[in-house]
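Structure first, commentary second.
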Amino acid sequence: MNLLSLLIEPAGRKAPVWIRVMWMLLLATLLCFGVMSWAAGFSRGSWESVWKYRDVFWKGWLLTIIISLLSLCLSTLIGIVAALARRSRILPLRSVALLYIDVVRGMPLLVLILFLYYVVANGMGLQDRLVAGILILSLFGGAYLAEMIRAGIESISASQLESARAIGFTPWQTYRIVIVPQALRQILPPLTGQFASLIKDSSLLSIIAIGEFTLAAQQVNSGTYRTLESYLPLALGYLALTLPISLLSKFLEQRLRYES
Amino acid sequence: MNLTVHGLSKSFGSGVERRTVLDDLCLSVEFPHVLALLGSSGSGKSTLLRVIAGLERPDAGSLLLNGDVAPLCEKETVLRDYRRKLGVVFQAFNLFPHMTAFANVMVPLTEVHGLDEQKATRRTLEVMERLGMAEHGLKFPAQLSGGQRQRIAIARALASKARFLLFDEPTSSLDPEMTAEVLMLIAELKDAGTPMLLVTHEMGFARKIADQVAFLAEGRVVEQGPAGEFFNNPQSLVVQRFLAKVLAY
């Protein structure tokens, strides 16, 4: 075993799995030790003050999960409708979808939250912050999902659709039997990635005082003046949610790959 | 089988880009088994097949199959019912890559032709057995060779008991060995009785298998007649030149 082969991937082929895994583990261990010793050394005894607020963290974390899950469902629904409208032959419908997708995607989420909450939701008399927040996040995610779903549908080749027509499938059967199963394989990996984004993006809802994870950490920070001890759990809490999802996304990508 | 086409026209694009592919095409032909459509690339033979298959709406014209008017210009639902009675085999097989070979043949039976699970399974097995594909049923199209894929595509068309089979250059994307394999299969099908329309570049094969031949050029039928006569004693200059060229080597 050449020592260099532990460091450098041979040209044209992949390094053995165990070497790649070893590097990841090594890095993770180093990172853990570094952060832990740093955290322990710099602020001895200070974790107790933050520990008292563990309930705040916990509730915030759970609320983040709930917001993300609900937004995922709702934004998927919005995304499907918008993608279909975007491809519709009814021109006004297509224009509305186009406008929605482009406007939302062209705006920072923070601006969207401020505008939709303080201008639109308040104007319409929607007082519930949580409901408004979930709706806004869903509208935001829906626009991105719509484009993913559209790309998925359009990735189905014309010959597949022609085959479906020749067989005599109805449009509904064509969607159910030919388009959706194939498009789903295409978009499932980015879809899981989008879910991870949604979790991260939900942190911006703290700006309209929804007591999710980020706001919880900010509150703990202002109560204890312990910056590191407040924000380290925040970072780790988000990673605990997003890392498994990104692993799932990678797994799905490999699993669902097939030659066409 | 009697096929009568009258005044069929089809063009694509508009303005300066407008291309007329079928130009007031007329054809009346009576054949027991196989009609071959021949012609150079761009002569309109594939488009004619696609119009007959109900996949392309003609701009004008009519089509009679055994005296029945084909509803080519009707609304989609009527056209769909018409397509269901035909079997089309494409150049690129057009199988569904996410379904097994077996499912590719069976799903149209349950979804479109209203067979229950049991009947559909039985018929699928029957057809796959007949085409020598029984042992490959659980494979996905990507795991099959080109020839095997085309056999599954043919099985899919056969299983629905189509009353007319349309082959659109079924061997154009196959290597010589697989081409031979598929041609042999089509020759076998000839005896099974379902009339076939064959668009092909395989002159030797057309000569051997076709009862009648129609030769297209610039969107019209230039010459038609029994295969033997067509190949041995072509009347028009276009066909003479064409045959001299393709049969030179």
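Structure notes:
- For chain A, built as a Gaussian network whose Cα springs stay under 10 Å, the top-fluctuating residue of A:LEU241, A:LEU30, A:LEU191: A:LEU30
- In chain B, the longest principal axis of the Cα atoms and the axis of helix B:237-246 are about 50 degrees apart.
- Shape of region A:1-127, Cα gyration tensor, a/c cut at 1.5: oblate
- GNM flexibility winner over chain B from B:SER172, B:SER145, B:SER46 (Cα, springs under 10 Å): B:SER145
- Taking the C-alpha atoms only, the angle from helix B:176-192 to the longest principal axis of chain B is near 90 degrees.
- Mean residue ellipticity (222 nm) of the protein assembly as shown, computed from DSSP H runs ≥ 4 via -39,500 (n - 2.57), nearest 500: -18000 deg cm²/dmol
- Alpha-carbon centroids, region A:149-201 and region A:12-80: separation in whole Å: 32 Å
- Quarter of Cα convex hull surface for region A:51-255, i.e. mean projection, nm²: 13.6 nm²
- Those lysines that a straight Cα-Cα span of less than 25 Å connects to A:LYS200, excepting residues fewer than 8 apart in one chain: A:LYS59, A:LYS250
- Between the C-alpha center of region B:105-129 and that of region B:221-249 there is a gap of 42 Å.
- For B:LEU166, the residues whose amide H sits under 5 Å from its own are B:GLY87, B:VAL88, B:VAL89, B:LEU197, ignoring neighbours fewer than 5 places away on the same chain, with H placed 1.01 Å from N.
- Most mobile of B:THR194, B:THR171, B:THR77 in a GNM of chain B (Cα contacts under 10 Å): B:THR77
- Evaluated over the Cα positions of region B:1-84, the convex hull gives a direction-averaged projected area, one quarter of its surface, of 6.0 nm².
- Which listed pairs, of B:LYS119/B:LYS190; B:LYS10/B:LYS45; B:LYS85/B:LYS161, have C-alpha distances above 18 Å, in listed order: B:LYS119/B:LYS190
- Alpha carbon centroid spacing (whole Å) that separates region B:7-35 from region A:209-241: 71 Å
- For B:LYS245, a cut-off of 16 angstrom between C-alpha atoms picks up these aspartates and glutamates, skipping any fewer than 8 places away in its own chain: B:GLU202.
- With a cut-off of 10 Å between beta carbons, the residues surrounding B:VAL213 carry a summed charge of -2, where Lys and Arg count +1 and Asp and Glu -1.
- Kirkwood radius and radius of gyration were both taken over the C-alpha atoms of the protein assembly as shown, and their ratio Rg/Rh is 1.14.
- Net charge in the neighbourhood of B:THR4 (other residues with Cβ under 15 Å of its Cβ; Lys, Arg +1, Asp, Glu -1) is -3.
- Of A:LEU27, A:SER249, B:ALA120, farthest towards positive along the dipole that unit charges on Lys, Arg, Asp, Glu beta carbons give the protein assembly as shown: A:LEU27
- Sorted into 10 angstrom bins from 0, the C-alpha pair distances of chain B split as 7, 30, 35, 22, 6, 0 percent.
- Charge dipole of region A:51-255 about the Cα centre (unit charges at C-beta), most positive-ward option of A:GLY193, A:LEU204, A:ILE67: A:GLY193
- FRET efficiency for the pair A:LEU84 and B:THR77, taken as 1/(1 + (r/R0)^6) with r the Cβ-Cβ distance and R0 = 22 Å, rounds to 0.60.
- Helices assigned as whole DSSP H runs in chain A whose Cα atoms extend at least 20 Å along their own long axis and whose mean Kyte-Doolittle hydropathy is 0.5 or higher are found at A:17-42, A:54-86, A:91-105, A:129-154, A:227-255.
- Overall, the ratio between the Cα radius of gyration of region B:96-162 and 2.2 N^0.38 Å, rounded to two decimals, is 0.98.
- Total charge dipole magnitude, region A:51-255, about the Cα centre, Cβ charges on Lys, Arg, Asp, Glu only, Debye to nearest 20: 300 debye
- Against the main long axis of the alpha-carbon atoms of chain B, helix B:146-159 sits at an angle near 90°.
- Region B:122-249: Cα Rg divided by the 2.2 N^0.38 Å rule of thumb: 1.19
Read the figures in this text as sums done on the coordinates, not as results from a lab. Please read all numbers here as calculations on a predicted model, not as lab measurements. FYI the Cβ positions are ideal-geometry reconstructions off the backbone, even for glycines, and counts take in every protein chain you see.
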